[in-house]
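Have a look at the structure below, then the notes.
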Amino acid sequence: MSRAVPRPRKALALVAGAAALAAPLALAVPPALAAPPVPAAPASGAETDSGTGTYTVTPLRFTVRAGGRSCAVDADLYRPAGVDAARPAPAVLATNGFGGSKSDGSTDAIGKAFAARGYVGLVYSGLGFGKSGCLISLDDPEIDGRVAARLVDFLAGSLAADDGTRADFVTQDGADDPRVGMIGGSYGGAVQLAAASVDRRIDALVPLITWNDLAYSLAPNAADRATPGVFKWQWANGFYLMGEGQPLLVPSLDPSRINSLGCLHFVSDACDTVRLLNSGRYPKAETEKMLAYARSVSPVSYVDRITAPTLLVQGQADTLFTLNEARATYDRLRERGVDAGMIWQSWGHSGGQRPGELDFTKGDLEGSYVGRRVLGWFDRHLRKDPTADTGPAFAWFRDWRGDYGTASRVPALSQRLYLSGDGKLVDNRTKVARGSRWYSNWLFPTSHSESSLAGMIGLADRRPYDTPGTHLGWTSAPLTAPVDLVGAPKATLKVVSPATERVQESGDASDKLVLFAKLYDIAPDGTKTLVNRLVAPVRVPDVTRPFTVELPAVVHRYETGHRLELVIAASDTAYAGNRGVKPVTVVSAPEDTGTLELPLVQGRVG
């Protein structure tokens with residue numbers, strides 16, 4: 001839920017009082033996700049020359065009803081020179097990522113970038129952030145979405161700002177129907193989908209690095225969305241602390257920003273969700289309530305109400321909101337016939353910025369592939385330019401070439417490998433050796449993929465590792481030619497765990513078996529790379545039955561001489577783990593063994 005543009009990571013600490021009032025686990029505020037120092041607000045009507053075009057910036061305040069409260073929305077209006085009632089222009093609406101405001105470096109850069117290119121810009125601080133009031137409600141369509149719709153009313157000319165300002169210079173498609181698109185990243189990405197689900201006047205969306213299902217984002221289960229997943233405790237608690245600390249980070253006496261001492265700055269359901277996940281116990285009734293709430297504020301629950309053309313941009317380096325999240329939203333939009341495109345860029349919440357990639361703060365949208373795609377998307381759907389190039393349906397960044405591959409659809413699974421009893425990953429069932437192997441978890445994590453906490457406070461992270469005896473791996477033969485993988489691999493597994501079988505029907509999902517699946521690249525010298533540090537957390541629905549795991553989608557080239565290794569591990573430092581010790585055995589035979597399916601666009605394994 002960070003800002004759309006990565007910023008340099010530097011330490012930022014909250015005062016002890018904020019930690020005491022906030023999260024169950026006291027964590028430092030993620031500096032890369034928080035707002036930088038706020039620059040002085042531009043004087044109303046001050047003219048700015050961007051080098052591309054001139055525009056004025058006018059601070060505005062709106063008083064709206066949201067979640068049963070009356071609260072202020074702090075905004076800036078960017079008006080290009082020459083735009084007036086006789087010569088209107090389409091508008092772009094944007095808001096900040098989690099912890100930011102209208103004035104942070106990446107959010108106000110959106111207003112500047114589009115105003116310089118002739119669009120009217122309206123950039124605002126989301127509810128609970130900056131100088132906007134009300135509680136943080138996780139981009140709830142009935143709260144945050146409705147507030148965005150009120151700002152669309154302003155762009156339509158039917159709503160005045162508190163000082164009486166009206167917008168009579170935005171292109172209209174009909175009475176009370178302005179030509180408007182939305183763009184923004186993470187928290188500022190999901191709000192677009194929420195707004196479009198309640199307001200069909202919005203003409204185009206460009207959500208960057210955002211979520212499809214918060215239940216999956218914060219407690220993913222890569223095997224079964226109906227079974228509670230594995231708590232992503234570092235990311236979740238970092239954001240929770242940042243949100244609860246907002247009244248101290250941005251001092252305000254506005255009573256609409258305060259809930260109660262037990263849940264200071266979020267809506268109560270959000271606090272209840274984090275507390276249940278931190279408890280480590282998932283009784284059926286409480287868990288069902290938690291899952292229902294998390295999904296109610298997620299596109300997974302309302303995407304069927306969205307009709308606006310949508311260009312989804314997701315980051316390959318993102319352990320918070322993986323590529324799978326954008327894929328889920330994209331697939332559903334396309335199934336319904338909505339005009340949708342998807343780009344997998346390099347950078348996400350976990351870093352990964354490459355030279356020449358989209359960076360609004362530099363203002364050079366034409367200089368990056370994604371920037372050109374965004375401009376084309378808005379030119380087609382907002383300026384109604386039939387010659388504007390909106391690009392292919394799907395594109396992905398290839399770090400080994402420094403460019404983008406494109407296709408009319410996301411690559412399908414194209415090769416199946418088999419898990420042999422001797423630890424090999426083979427390309428034919430007849431090559432599977434009979435055998436069984438086992439591992440066991442310890443009472444503390446013994447595998448490491450990534451530390452979101454380290455990244456949040458600017459520390460170097462350790463290399464991924466797995467402790468012997470607490471994981472199993474299956475390794476391919478060295479590749480005879482490069483193999484390019486684009487998409488989400490799938491593994492079908494069957495495990496034996498009597499200790500789990502005895503308790504898994506207790507009525508508390510925390511008694512089920514937890515494991516982590518991941519795919520390594522092993523170089524000829526033995527160096528192992530966990531691509532973008534991504535893992536697939538699994539809470540096994542039933543250890544007496546086979547289950548299928550959807551691994552995180554990746555874009556990666558396995559070079560000649562390298563090997564692929566599928567690993568299942570008992571734990572991971574970034575996630576909650578098993579309750580108690582639960583040994584696991586995996587049995588393989590030619591007629592009955594696990595499989596790994598790969599979406600390959602070049603080459604084959606074996």
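The values are calculated or read from the model by the stated rules, or taken from the named source; none is laboratory data. For clarity, every value in this text was computed on a predicted model and none was experimentally measured. Cβ placement follows ideal geometry from the backbone for every residue including glycine, while neighbour counts extend to all protein chains displayed.
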For the range 352-372, enumerate the residues that are of a type in the set (Ser, Thr, Tyr), over 22 Å from residue 102 (Cα atoms) and assigned to a helix (DSSP H, G or I). 369
Search result, residues across the range 186-211 that are among the polar types (S, T, N, Q) and over 19 Å from residue 452 (Cβ atoms): 192, 197
Name the residues in the range 117-144 that are of a type in the set (S, T, N, Q) and more than 19 Å from residue 255 (Cα to Cα), would you? none
In this structure, is residue 299 out of contact with any Ser or Thr (no Cβ under 6 Å at 6 or more places or on another chain) and under 26 Å from residue 358 (Cβ atoms)? no
If you take just the helices (runs of 4 or more DSSP H) that sit entirely in the range 222-322, which of them hold at least 1 residues that are closer than 20 Å to residue 209 by Cα, hydrophobic (A, V, I, L, M, F, W, C) and in contact with an Asp or Glu (Cβ under 8 Å, 6 or more places away or on another chain)? 284-296, 299-302
Working carefully through the options 468, 489, 482, find the one that is surrounded by 19 or more Cβ atoms within 10 Å (Cβ to Cβ), outside the structural domain of residue 347 (by TED's automatic domain parsing) and not hydrophobic (A, V, I, L, M, F, W, C). 489
Within the range 379-413, how many residues are of a type in the set (A, V, I, L, M, F, W, C) and within 14 Å of residue 358 (Cβ to Cβ)? 2
Just one listed residue, out of 326, 317, 308, is aliphatic (A, V, I, L, M), at pLDDT 95 or above, more than 22 Å from residue 201 (Cα to Cα) and in contact with a helix residue (DSSP H, G or I) (Cβ under 9 Å, 6 or more places away or on another chain), and it is 317
What single numbered condition from (1) under 30 Å from residue 175 (Cα atoms); (2) in contact with a Leu (Cβ under 8 Å, 6 or more places away or on another chain); (3) not aliphatic (A, V, I, L, M) fails to hold for residue 200? (2)
Within the range 198-211, how many residues are under 17 Å from residue 127 (Cβ atoms) and surrounded by fewer than 24 Cβ atoms within 10 Å (Cβ to Cβ)? 2
One residue from 514, 535, 540, 567 being closer than 27 Å to residue 347 by Cα, β-branched (Val, Ile, Thr), crowded, with 22+ Cβ neighbours inside 10 Å and assigned by TED's automatic domain parsing to the domain that holds residue 485: 535
Mind counting the residues in the range 579-598 that are in a loop (DSSP other than H, G, I, E, B) and either of a type in the set (D, E, K, R) or closer than 18 Å to residue 493 by Cα (or both)? 7
For the range 484-571, which fully contained strands (runs of 3 or more DSSP E) count at least 2 residues that are under 30 Å from the mean Cα position of the chain (by Cα), over 21 Å from residue 227 (Cα atoms) and in contact (Cβ under 8 Å) with a residue 60 or more places away in the chain? 528-530, 554-558, 563-569
